[in-house]
Every structure is written in structure tokens, then in C-alpha cells.
1. Subtract the Cα-Cα distance of residue 125 and residue 209 from 0.36 nm times their separation in residues, and report this length gain in nm to one decimal.
2. Going by alpha carbons, how many degrees (0 to 90, nearest 10) lie between the helix axis of 210-229 and the longest principal axis of the chain?
3. Taking Cα atoms, how many degrees apart are the long axis of helix 113-125 and the longest axis of the chain, rounded to 10 and kept between 0 and 90?
4. Compute the angle between helix 81-97 and the longest alpha-carbon principal axis of the chain, please, reported from 0 to 90 degrees and rounded to the nearest 10.
5. Based solely on its DSSP helices, what 222 nm [θ] is calculated for the chain when runs of n ≥ 4 H residues each add -39,500 (n - 2.57) and the sum is averaged over all residues, nearest 500 deg cm²/dmol?
6. Given the peptides 144-151, 42-49, arrange them by the average over their residues of other C-beta atoms within 10 Å, most packed first.
7. Looking at the chain only, what percent of DSSP beta bridges run antiparallel? Nearest 5 please.
8. Once the Cβ-Cβ distance between residue 83 and residue 187 is put in as r, and R0 is 25 Å, what FRET efficiency do you end up with, to the nearest 0.05?
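Computed from the coordinates by the stated procedures, all read-outs in this text should not be read as laboratory data. Worth saying up front: this structure is predicted, and the values here are computed from it rather than measured. Here Cβ is always computed from backbone atoms with ideal geometry, including for glycine, and neighbour counts include all displayed protein chains.
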């Protein structure tokens, strides 16, 4: 169930028996040879694939995130941190105001981490609100699989190279890239950071077989689905 494929009457009917929903968060930023919208595409897709069998509605992805360190790459758009946190607060407030009380935030971008801390504050102010902040790509079983296939794989590598993030006519390098020094990168301004990471891949093969990446995807979907299912506190509507 996607909110974009529902009308208000259907949402009203749903809320009579369930108060769960899913909100995907992404980013528009460089991903080497992959789509600039990779984080948004994957966050929304894993949310939809996980929630569909459960009949839980998924809101459209919040595509823009916090990614100031990539601003020297054309096409990257970053919100300021204050704007981003205010935006996420408004989104959760709006969802809460409609009657949703159990929210899974499926995050697809590491830079959005401050939004995870915000959830604790929002729940403290609303005792009946429950929010799970889920970084789908580095959840335990998903990341275990990535490390088992190729340790050191990171941003813009094969682990994000799925059929939905590839670009027509773009040829991927065949060699694996050595890991970027992430501690050094964290100290650099966007221009010098771009020089350090070159094409934008932070380490690992640029592509692997579809059987491997789709296995990864299946694990990620199941892991996300388990969070949507529960456990939740008992003071909620029946599933």
C-alpha cells in the first residue's frame, strides 16, 4: 500500500483498525556511476516491498537529505541541518496528527542520522507515539551479507548497484576500488573531499552479479518487514 495510490477515505478506513505506517528518507547526492537519487530510490523501494505484504501504507520518500560534504559534485543537493530536522519534525507531526502512532522510518542515507536522534525527542513529547528509525543498508543481517561477499564495500559500490539505480549506457569500472580514508574525508571541505574520493565510490567493486545483489535485497526487505511487524508496545491498535 502506497499513500500515492490511496485516497483520504481509504486512509481513514485503514486507521480504524491499524495505526502503522512507513516513511522513507533518502538523499539526492553523488553515487559515482549510479543515479544521483540512489538513496531515495532504494529507501522507498525497500519500504514498499517490505510493507506491501503486511498491508501497511508507505508515504512517498523524502528525497532530499543532509549531505553537505558532497556539494562539490554536480547534482548533489543538501538541506541545512536545521532545515532538515525541522522538516522531519513537521512530517512526523503531520503523520501523528492524522492518527498514526507506530511509524517505521526507513532511512537510506547515513547523513540523515541526526533525524534518528530527533525521534527520541518526539517520542518523549508524545507518550503514545512509537518510531523505529531503520538504516536499511547497514541493518545487522544485511550488513553481514555485504561483509561476507566483499568486506570493505561502501558508498556507491556494488551494494547500491541494483537494477533500479543503474543508468542506461553507463559502463562500470571492472576493478574494485581500495577503501577511502573516511577519517581524513571527514576533515575536508567539499572541494578537497571530492579530490580525495575522485569518482565518489568509497570502496569495493562497482558491480557484482545480479544473483548477489538481489540476494542482498531480499535480506534487506525481510529485515525491514520484521521491524514493521513488531514487536510494538501493547497499547496500540491490533495489527
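1. Values: separation 84, 0.36 × 84 = 30.24 nm, distance 4.65 nm.
In short, 25.6 nm is gained.
2. Long axis of 210-229 versus the principal axis of the chain: about 30 degrees.
3. Computed tilt is about 20 degrees.
4. 30 degrees
5. Values: 8 runs with 93 residues, N = 239.
Only helices count here, giving -12000 deg cm²/dmol.
6. Values: 144-151: 14.2, 42-49: 25.0.
Taking the mean over residues of other Cβ atoms within 10 Å, the ranking is 42-49, 144-151.
7. Numbers: 3 of 19 bridges.
Bridges in the chain are about 15 percent antiparallel.
8. Details: r = 24 Å, r/R0 = 0.97.
Result of the calculation: an efficiency of 0.55.
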